[in-house]
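These notes concern the structure reproduced below.
The values are calculated or read from the model by the stated rules, or taken from the named source; none is laboratory data. As the structure is a prediction and not an experimental result, all values here were calculated from the model. Positions of Cβ are backbone-derived with ideal geometry, glycine not excepted, and every protein chain shown enters the neighbour counts. Ligands, DNA and RNA are excluded from the accessible area calculation, which covers all protein heavy atoms including side chains. Shrake-Rupley method; radii C 1.70, N 1.55, O 1.52, S 1.80 Å.
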Number of protein chains: 2
Amino acid sequence: MPTLEDNAGAILTQSLAIIEWLEETHPEPPLLPKDPLRRAKVRAFALALACDTHPVQNLKVLARLRQLGLPKEKVTEWAASANREGLSACEILIAGESGPFCFGGAPTMADLCLVPQLANARRFGVDLGGFPRLLKAEAAAKDNKAFADAAPERQPDAE
Amino acid sequence: MPTLEDNAGAILTQSLAIIEWLEETHPEPPLLPKDPLRRAKVRAFALALACDTHPVQNLKVLARLRQLGLPKEKVTEWAASANREGLSACEILIAGESGPFCFGGAPTMADLCLVPQLANARRFGVDLGGFPRLLKAEAAAKDNKAFADAAPERQPDAE
(Lines give C-alpha, C1' and ligand atoms only; values in the text may rest on other atoms or scores of the structure.)
Protein backbone atom coordinates (compact mmCIF):
# COMPACT_ATOMS: atom_id res chain seq x y z
CA MET A 1 0.00 0.00 0.00
CA PRO A 2 1.80 3.17 -1.12
CA THR A 3 1.54 5.93 1.49
CA LEU A 4 3.33 9.23 1.95
CA GLU A 5 3.70 11.22 5.17
CA ASP A 6 4.11 14.96 4.66
CA ASN A 7 6.27 17.21 6.87
CA ALA A 8 3.28 17.93 9.13
CA GLY A 9 2.55 14.23 9.68
CA ALA A 10 -0.46 13.95 7.35
CA ILE A 11 -0.75 10.53 5.71
CA LEU A 12 -1.57 10.46 2.00
CA THR A 13 -2.79 7.30 0.25
CA GLN A 14 -3.41 6.18 -3.35
CA SER A 15 -0.44 6.41 -5.74
CA LEU A 16 -2.05 8.79 -8.23
CA ALA A 17 -3.39 11.09 -5.49
CA ILE A 18 0.15 11.23 -4.08
CA ILE A 19 1.61 12.00 -7.52
CA GLU A 20 -0.94 14.80 -8.08
CA TRP A 21 -0.09 16.20 -4.62
CA LEU A 22 3.63 16.11 -5.43
CA GLU A 23 2.89 17.91 -8.71
CA GLU A 24 0.95 20.64 -6.89
CA THR A 25 3.38 21.11 -3.99
CA HIS A 26 6.72 20.39 -5.75
CA PRO A 27 6.04 21.46 -9.34
CA GLU A 28 9.61 21.08 -10.64
CA PRO A 29 10.31 18.92 -12.55
CA PRO A 30 6.71 18.71 -13.83
CA LEU A 31 5.01 15.32 -14.17
CA LEU A 32 2.18 16.76 -16.28
CA PRO A 33 2.24 19.06 -19.35
CA LYS A 34 0.75 22.57 -19.13
CA ASP A 35 -2.00 22.23 -21.74
CA PRO A 36 -5.29 20.81 -20.34
CA LEU A 37 -5.87 18.49 -23.32
CA ARG A 38 -2.32 17.11 -23.10
CA ARG A 39 -2.76 16.69 -19.35
CA ALA A 40 -5.94 14.71 -20.01
CA LYS A 41 -4.08 12.42 -22.39
CA VAL A 42 -1.27 11.78 -19.90
CA ARG A 43 -3.78 11.10 -17.14
CA ALA A 44 -5.85 8.80 -19.38
CA PHE A 45 -2.74 6.71 -20.10
CA ALA A 46 -1.87 6.55 -16.40
CA LEU A 47 -5.45 5.58 -15.47
CA ALA A 48 -5.65 2.94 -18.20
CA LEU A 49 -2.95 1.18 -16.18
CA ALA A 50 -3.92 2.24 -12.65
CA CYS A 51 -7.66 1.52 -13.04
CA ASP A 52 -8.07 -0.93 -15.91
CA THR A 53 -4.94 -3.05 -15.65
CA HIS A 54 -3.16 -3.17 -12.32
CA PRO A 55 -6.17 -3.83 -10.02
CA VAL A 56 -7.29 -6.85 -12.05
CA GLN A 57 -3.91 -8.56 -11.69
CA ASN A 58 -2.80 -7.52 -8.21
CA LEU A 59 -1.73 -10.09 -5.66
CA LYS A 60 -4.95 -9.86 -3.64
CA VAL A 61 -7.11 -10.66 -6.66
CA LEU A 62 -4.85 -13.50 -7.76
CA ALA A 63 -4.90 -15.00 -4.25
CA ARG A 64 -8.69 -14.87 -4.27
CA LEU A 65 -8.83 -16.65 -7.62
CA ARG A 66 -6.67 -19.42 -6.15
CA GLN A 67 -8.99 -19.62 -3.12
CA LEU A 68 -11.92 -20.04 -5.49
CA GLY A 69 -10.24 -23.14 -6.81
CA LEU A 70 -8.66 -21.91 -10.05
CA PRO A 71 -5.46 -23.80 -10.91
CA LYS A 72 -2.22 -21.86 -10.80
CA GLU A 73 -1.71 -21.78 -14.58
CA LYS A 74 -5.18 -20.29 -15.13
CA VAL A 75 -4.45 -17.61 -12.54
CA THR A 76 -1.19 -16.75 -14.30
CA GLU A 77 -3.00 -16.59 -17.64
CA TRP A 78 -5.60 -14.27 -16.05
CA ALA A 79 -2.81 -11.93 -14.94
CA ALA A 80 -0.97 -12.15 -18.27
CA SER A 81 -4.18 -11.41 -20.15
CA ALA A 82 -4.93 -8.33 -18.03
CA ASN A 83 -1.43 -7.05 -18.72
CA ARG A 84 -1.64 -7.75 -22.46
CA GLU A 85 -4.98 -5.92 -22.79
CA GLY A 86 -3.88 -2.91 -20.77
CA LEU A 87 -0.55 -2.57 -22.53
CA SER A 88 -2.20 -2.96 -25.94
CA ALA A 89 -4.49 -0.04 -25.15
CA CYS A 90 -1.53 2.03 -23.96
CA GLU A 91 0.59 1.22 -27.03
CA ILE A 92 -2.18 2.73 -29.17
CA LEU A 93 -2.56 5.78 -26.91
CA ILE A 94 1.05 6.86 -27.58
CA ALA A 95 1.59 5.42 -31.08
CA GLY A 96 1.68 8.97 -32.50
CA GLU A 97 3.98 10.36 -29.81
CA SER A 98 7.62 10.72 -30.85
CA GLY A 99 8.90 10.45 -27.29
CA PRO A 100 11.25 9.03 -26.26
CA PHE A 101 9.18 9.05 -23.04
CA CYS A 102 5.45 8.31 -23.25
CA PHE A 103 4.59 11.97 -23.84
CA GLY A 104 7.62 13.94 -25.00
CA GLY A 105 11.23 14.34 -23.99
CA ALA A 106 10.77 14.14 -20.22
CA PRO A 107 8.99 11.67 -17.92
CA THR A 108 5.37 12.26 -16.92
CA MET A 109 2.87 10.50 -14.70
CA ALA A 110 2.35 8.10 -17.63
CA ASP A 111 5.94 6.81 -17.45
CA LEU A 112 5.66 6.42 -13.68
CA CYS A 113 2.77 4.00 -14.20
CA LEU A 114 4.23 2.26 -17.25
CA VAL A 115 7.62 1.14 -15.87
CA PRO A 116 6.28 -1.00 -12.99
CA GLN A 117 3.48 -2.40 -15.17
CA LEU A 118 6.01 -3.65 -17.73
CA ALA A 119 7.87 -5.37 -14.87
CA ASN A 120 4.61 -7.06 -13.86
CA ALA A 121 3.91 -8.13 -17.44
CA ARG A 122 7.32 -9.81 -17.66
CA ARG A 123 6.73 -11.59 -14.37
CA PHE A 124 3.60 -13.17 -15.86
CA GLY A 125 5.41 -14.15 -19.06
CA VAL A 126 3.83 -11.62 -21.43
CA ASP A 127 5.61 -11.29 -24.80
CA LEU A 128 6.35 -7.57 -25.08
CA GLY A 129 7.44 -7.70 -28.74
CA GLY A 130 4.16 -6.13 -29.84
CA PHE A 131 4.72 -3.01 -27.77
CA PRO A 132 7.72 -1.21 -29.38
CA ARG A 133 6.56 2.25 -28.36
CA LEU A 134 6.13 1.25 -24.72
CA LEU A 135 9.60 -0.37 -24.73
CA LYS A 136 11.07 2.85 -26.16
CA ALA A 137 9.62 4.79 -23.23
CA GLU A 138 10.93 2.18 -20.79
CA ALA A 139 14.43 2.43 -22.32
CA ALA A 140 14.36 6.21 -21.83
CA ALA A 141 13.34 5.69 -18.19
CA LYS A 142 16.20 3.19 -17.68
CA ASP A 143 18.66 5.97 -18.60
CA ASN A 144 17.09 8.33 -16.05
CA LYS A 145 18.66 8.45 -12.58
CA ALA A 146 15.37 9.13 -10.76
CA PHE A 147 13.85 5.94 -12.18
CA ALA A 148 16.98 3.92 -11.32
CA ASP A 149 16.93 5.23 -7.74
CA ALA A 150 13.25 4.27 -7.41
CA ALA A 151 13.72 0.60 -8.35
CA PRO A 152 12.32 -1.72 -5.65
CA GLU A 153 15.68 -3.48 -5.18
CA ARG A 154 17.38 -0.14 -4.49
CA GLN A 155 15.15 0.69 -1.50
CA PRO A 156 16.60 0.46 2.04
CA ASP A 157 14.00 -2.13 3.09
CA ALA A 158 14.32 -4.33 -0.03
CA GLU A 159 14.41 -8.04 0.76
CA MET B 1 -16.54 3.24 -21.90
CA PRO B 2 -16.90 6.88 -20.82
CA THR B 3 -15.58 9.27 -23.48
CA LEU B 4 -15.93 13.02 -23.98
CA GLU B 5 -15.49 14.94 -27.23
CA ASP B 6 -14.38 18.55 -26.77
CA ASN B 7 -15.45 21.44 -29.01
CA ALA B 8 -12.45 20.89 -31.29
CA GLY B 9 -13.25 17.18 -31.78
CA ALA B 10 -10.60 15.77 -29.44
CA ILE B 11 -11.68 12.54 -27.75
CA LEU B 12 -10.94 12.20 -24.03
CA THR B 13 -11.07 8.86 -22.24
CA GLN B 14 -10.96 7.62 -18.62
CA SER B 15 -13.56 9.04 -16.24
CA LEU B 16 -11.15 10.63 -13.78
CA ALA B 17 -9.01 12.17 -16.55
CA ILE B 18 -12.21 13.68 -17.97
CA ILE B 19 -13.23 15.02 -14.54
CA GLU B 20 -9.78 16.59 -14.03
CA TRP B 21 -10.01 18.17 -17.51
CA LEU B 22 -13.47 19.57 -16.70
CA GLU B 23 -12.05 20.97 -13.46
CA GLU B 24 -9.20 22.68 -15.32
CA THR B 25 -11.25 24.03 -18.22
CA HIS B 26 -14.59 24.71 -16.47
CA PRO B 27 -13.52 25.49 -12.89
CA GLU B 28 -16.95 26.56 -11.62
CA PRO B 29 -18.45 24.91 -9.67
CA PRO B 30 -15.24 23.29 -8.38
CA LEU B 31 -15.01 19.52 -7.97
CA LEU B 32 -11.84 19.74 -5.87
CA PRO B 33 -10.97 21.93 -2.84
CA LYS B 34 -8.20 24.55 -3.13
CA ASP B 35 -5.81 23.19 -0.48
CA PRO B 36 -3.36 20.55 -1.83
CA LEU B 37 -3.74 18.24 1.17
CA ARG B 38 -7.55 18.37 0.95
CA ARG B 39 -7.32 17.77 -2.79
CA ALA B 40 -5.18 14.69 -2.08
CA LYS B 41 -7.80 13.36 0.35
CA VAL B 42 -10.63 13.85 -2.16
CA ARG B 43 -8.61 12.19 -4.90
CA ALA B 44 -7.62 9.29 -2.61
CA PHE B 45 -11.30 8.62 -1.88
CA ALA B 46 -12.17 8.75 -5.59
CA LEU B 47 -9.27 6.45 -6.48
CA ALA B 48 -10.13 3.97 -3.71
CA LEU B 49 -13.32 3.41 -5.71
CA ALA B 50 -12.02 3.95 -9.26
CA CYS B 51 -8.88 1.81 -8.85
CA ASP B 52 -9.46 -0.57 -5.95
CA THR B 53 -13.17 -1.28 -6.19
CA HIS B 54 -14.87 -0.73 -9.52
CA PRO B 55 -12.38 -2.56 -11.80
CA VAL B 56 -12.53 -5.74 -9.73
CA GLN B 57 -16.32 -5.98 -10.09
CA ASN B 58 -16.93 -4.62 -13.56
CA LEU B 59 -18.93 -6.60 -16.09
CA LYS B 60 -15.91 -7.68 -18.10
CA VAL B 61 -14.22 -9.23 -15.06
CA LEU B 62 -17.43 -10.93 -13.94
CA ALA B 63 -17.98 -12.38 -17.43
CA ARG B 64 -14.45 -13.76 -17.40
CA LEU B 65 -15.02 -15.40 -14.02
CA ARG B 66 -18.10 -17.12 -15.46
CA GLN B 67 -16.05 -18.26 -18.48
CA LEU B 68 -13.53 -19.78 -16.10
CA GLY B 69 -16.31 -21.93 -14.73
CA LEU B 70 -17.24 -20.13 -11.51
CA PRO B 71 -20.92 -20.58 -10.64
CA LYS B 72 -23.14 -17.51 -10.78
CA GLU B 73 -23.56 -17.17 -7.00
CA LYS B 74 -19.79 -17.19 -6.47
CA VAL B 75 -19.40 -14.47 -9.09
CA THR B 76 -22.04 -12.37 -7.37
CA GLU B 77 -20.31 -12.90 -4.02
CA TRP B 78 -17.01 -11.82 -5.64
CA ALA B 79 -18.64 -8.58 -6.79
CA ALA B 80 -20.41 -8.00 -3.46
CA SER B 81 -17.17 -8.58 -1.58
CA ALA B 82 -15.25 -6.07 -3.75
CA ASN B 83 -17.98 -3.50 -3.09
CA ARG B 84 -18.03 -4.17 0.67
CA GLU B 85 -14.26 -3.82 0.99
CA GLY B 86 -14.06 -0.64 -1.09
CA LEU B 87 -16.99 1.01 0.66
CA SER B 88 -15.62 0.04 4.10
CA ALA B 89 -12.36 1.81 3.26
CA CYS B 90 -14.27 4.87 2.04
CA GLU B 91 -16.52 5.01 5.11
CA ILE B 92 -13.37 5.33 7.25
CA LEU B 93 -11.82 7.94 4.93
CA ILE B 94 -14.70 10.37 5.58
CA ALA B 95 -15.76 9.32 9.10
CA GLY B 96 -14.42 12.63 10.45
CA GLU B 97 -15.98 14.78 7.73
CA SER B 98 -19.18 16.57 8.75
CA GLY B 99 -20.48 16.80 5.20
CA PRO B 100 -23.20 16.40 4.20
CA PHE B 101 -21.31 15.55 0.99
CA CYS B 102 -18.17 13.40 1.22
CA PHE B 103 -15.94 16.42 1.75
CA GLY B 104 -17.92 19.45 2.87
CA GLY B 105 -21.08 21.24 1.84
CA ALA B 106 -20.74 20.81 -1.93
CA PRO B 107 -20.10 17.81 -4.17
CA THR B 108 -16.55 16.89 -5.17
CA MET B 109 -14.95 14.25 -7.36
CA ALA B 110 -15.43 11.89 -4.40
CA ASP B 111 -19.23 12.11 -4.56
CA LEU B 112 -19.14 11.61 -8.34
CA CYS B 113 -17.45 8.24 -7.76
CA LEU B 114 -19.48 7.27 -4.70
CA VAL B 115 -23.01 7.56 -6.07
CA PRO B 116 -22.65 5.04 -8.93
CA GLN B 117 -20.64 2.68 -6.71
CA LEU B 118 -23.45 2.56 -4.14
CA ALA B 119 -25.85 1.68 -6.97
CA ASN B 120 -23.53 -1.18 -7.96
CA ALA B 121 -23.30 -2.38 -4.37
CA ARG B 122 -27.09 -2.57 -4.12
CA ARG B 123 -27.27 -4.48 -7.40
CA PHE B 124 -25.02 -7.14 -5.87
CA GLY B 125 -27.05 -7.29 -2.66
CA VAL B 126 -24.59 -5.56 -0.33
CA ASP B 127 -26.09 -4.51 3.03
CA LEU B 128 -25.30 -0.79 3.25
CA GLY B 129 -26.34 -0.42 6.90
CA GLY B 130 -22.72 -0.29 8.01
CA PHE B 131 -21.99 2.78 5.89
CA PRO B 132 -24.03 5.63 7.46
CA ARG B 133 -21.58 8.35 6.40
CA LEU B 134 -21.60 7.22 2.77
CA LEU B 135 -25.41 7.10 2.79
CA LYS B 136 -25.50 10.65 4.18
CA ALA B 137 -23.39 11.81 1.23
CA GLU B 138 -25.64 9.91 -1.18
CA ALA B 139 -28.74 11.55 0.34
CA ALA B 140 -27.17 14.98 -0.21
CA ALA B 141 -26.46 14.05 -3.84
CA LYS B 142 -30.07 12.89 -4.32
CA ASP B 143 -31.22 16.43 -3.48
CA ASN B 144 -28.86 17.93 -6.04
CA LYS B 145 -30.25 18.62 -9.52
CA ALA B 146 -26.96 17.90 -11.33
CA PHE B 147 -26.85 14.39 -9.86
CA ALA B 148 -30.50 13.77 -10.68
CA ASP B 149 -29.95 14.89 -14.28
CA ALA B 150 -26.95 12.56 -14.59
CA ALA B 151 -28.83 9.39 -13.57
CA PRO B 152 -28.47 6.67 -16.24
CA GLU B 153 -32.25 6.37 -16.69
CA ARG B 154 -32.48 10.12 -17.44
CA GLN B 155 -30.12 9.95 -20.44
CA PRO B 156 -31.57 10.25 -23.98
CA ASP B 157 -30.17 6.83 -25.00
CA ALA B 158 -31.33 4.99 -21.84
CA GLU B 159 -32.83 1.60 -22.60
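Assorted remarks:
- Were the residues from A:A158 through A:R66 laid out at 0.36 nm apart, the gain over their Cα-Cα distance would be 30.5 nm.
- Under the convention that each Lys and Arg Cβ holds +1 and each Asp and Glu Cβ holds -1, the size of the dipole of the protein assembly as shown around its Cα centre is about 880 debye.
- Two-decimal Rg/Rh across chain B, once Rg and the Kirkwood Rh are taken from alpha-carbon atoms: 0.98
- Counted charge near B:L37, where neighbours are those whose Cβ lies closer than 13 Å (Asp, Glu -1; Lys, Arg +1): 0
- Between B:T25, B:T3, B:L135, the Cα set farthest toward the positive side of the dipole of the range B:1-140 (charges on each charged residue's Cβ, about the Cα centre) is that of B:L135.
- Accessible surface of the range B:32-154 [probe 1.4 Å, protein heavy atoms]: carbon and sulfur percent: 59 percent
- Shielding by other protein chains, B:30-38, mean Cβ within 10 Å: 2
- Residue among B:P116, B:N144, B:N58 farthest towards the positive dipole end of the range B:32-154, charges placed on Cβ: B:N58
- Electrostatic bookkeeping for A:G99 treats Lys and Arg as +1 and Asp and Glu as -1; over the other residues with beta carbon under 9 Å from its beta carbon, the sum is +1.
- Here is how far apart the A:P27 label points are across copies: 1.1 nm, shortest first, using a point 7 Å from Cα toward Cβ.
- Three-way shape label, the range B:78-159, alpha-carbon gyration tensor, a/c 1.5: oblate
- Here the dipole of the range B:3-66 is about 480 debye; that uses its Cα centre as origin and unit charges on the Cβ of Lys and Arg (positive) and Asp and Glu (negative).
- GNM top mover of A:L135, A:L87, A:L12 - chain A, alpha-carbon springs below 10 Å: A:L12
- For A:R66, inter-copy separations between label points set 7 Å beyond Cα along the Cβ vector come to 2.8 nm, shortest first.
- The separation of the range A:11-89 from the range B:1-77, counted between C-alpha centres, amounts to 12 Å.
- Its Cα centre serving as origin, the range B:1-131 has a Cβ charge dipole (Lys and Arg +1, Asp and Glu -1) of approximately 540 debye.
- Extending 7 Å from Cα along the Cβ direction at B:A139 and again at A:H26 yields two label points whose distance is 4.2 nm.
- Based on DSSP H segments of at least four residues, each scored -39500 (n - 2.57), chain B has a per-residue ellipticity at 222 nm of -17500 deg cm²/dmol.
- Exceedance of the 25 Å cut-off in Cα-Cα distance is limited, within the set A:K136/B:K60; A:K74/B:K74; B:K41/B:K136; A:K72/B:K60; B:K74/B:K136; A:K34/A:K136, to A:K136/B:K60; B:K74/B:K136.
- One compactness figure for the protein assembly as shown is 1.01, namely its Cα radius of gyration divided by 2.2 N^0.38 Å.
- For the peptide A:54-61, the mean number of other protein chain Cβ atoms found within 10 angstrom of a residue's Cβ is 4.
- The length gained by stretching the chain between A:R123 and A:K74 to full extension, at 0.36 nm per residue less their Cα-Cα distance, is 16.2 nm.
- Relative contact order of chain A, defined on C-alpha pairs under 8 angstrom at six or more residues apart (%): 20 percent
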